[in-house]
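Below: the structure, in structure tokens.
What follows draws every value from the coordinates through simple rules; no lab data is involved. Since the structure is predicted, the reported quantities are computational estimates derived from the model, not experimental observations. A quick note on method: Cβ atoms are made from the backbone with ideal geometry, for glycine too, and the neighbour counts reach across all protein chains shown.
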Amino acid sequence: SVNQSRYLLHNKQYVDNIRKMIEKYDIPTETFELELTETVFFLEKDLMIETMKRLHEMNVRLSIDDFGSGFSSLNILKDIQFDALKIDREFLDETATSKTSEMILKKIIEMADALHVEVICEGVENEKQAQMLMKIGCQIVQGYYYAKPISLSEYENRYYQ
């Protein structure tokens, strides 16, 4: 999963560059995902929609990162077929762990399920949050509760041994 900036996406050669990289490194597209934030669509929305369609035609997975942190999230979902929503961690902050936040998360997950979009909840820092997310149907979570960022050498030692 690779974060993409709007500056990269506004390059007219962006899709061709992604295609060349996939071919050069023989990357299986089902293991390759581009993460975009909704700010990508603030400028030249039509161009971005066309770019996303072309990437999808190449079977590149697309996810929207920090979902729910901006103003146009729902509009983006109706215009572009995303494979995954990465729900913004602010929904899980200590001040936001209320019944209201829980209900909003539950409805986002239900909507995503109906649209056949995978949901990943970011920022899980404790067991209470993890259990609440499982209870409301979120099947994929990430955060410090499970692991903190590690260096490349530590990753290699841990997972390649």
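Values for this structure:
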item: In sequence order, calculated HN-Hα J values of segment 131-142 (Karplus, 6.51, -1.76, 1.60; Hz; x Gly/Pro); result: 5, 4, 5, 4, 4, 8, x, 7, 9, 10, 9, 8
item: Ordering of 37-47, 23-33 by packing [mean C-beta count within 10 Å, highest first]; result: 37-47, 23-33
item: Calculated FRET efficiency for the pair residue 43/residue 146, C-beta based, R₀ 30 Å, to 0.05; result: 0.25
item: Top positive-direction residue, dipole computed over the chain with Cβ charges, set 43, 159, 8; result: 43
item: Other-chain or far-sequence residues with amide H under 5 Å of residue 120's (modelled H); result: 85, 86, 87
item: Relative intensity, log₁₀ I(q)/I(0), of segment 1-47 from a Debye sum that treats every alpha carbon as a point, q = 0.17 Å⁻¹; result: -0.54
item: Net dipole in debye of the chain [+1 Lys, Arg Cβ; -1 Asp, Glu Cβ; about Cα centre; nearest 20]; result: 120
item: Under Karplus coefficients 6.51, -1.76 and 1.60, residue-wise ³J(HN,Hα) of segment 7-17 in Hz, glycine/proline x; result: 5, 5, 5, 7, 6, 4, 9, 3, 5, 4, 5
item: In degrees, nearest ten, helix 99-114 long axis to first principal axis of the chain (Cα); result: 40
item: Förster radius 30 Å - calculated FRET efficiency between residue 153 and residue 26 (Cβ-Cβ, nearest 0.05); result: 0.75
item: Degrees between helix 45-57 axis and first principal axis of the chain (Cα, 0 to 90, nearest 10); result: 90
item: Sequence-separation-based contact order of segment 16-161, relative, with Cα cut under 8 Å and 6+ spacing, percent; result: 17
item: 23 Å Cα cut-off, lysine pairs counted over segment 23-161 (separation 8 or more, or different chains); result: 23
item: Selection from 121, 67, 98 lying farthest towards where the dipole of the chain points positive, charges on Cβ; result: 67
item: Cβ crowding within 10 Å averaged over residues, with 75-88, 142-155 ranked highest first; result: 75-88, 142-155
item: Estimated 222 nm signal from helices in the chain, with DSSP H stretches of n ≥ 4 weighted -39500 (n - 2.57), rounded to 500; result: -12500 deg cm²/dmol
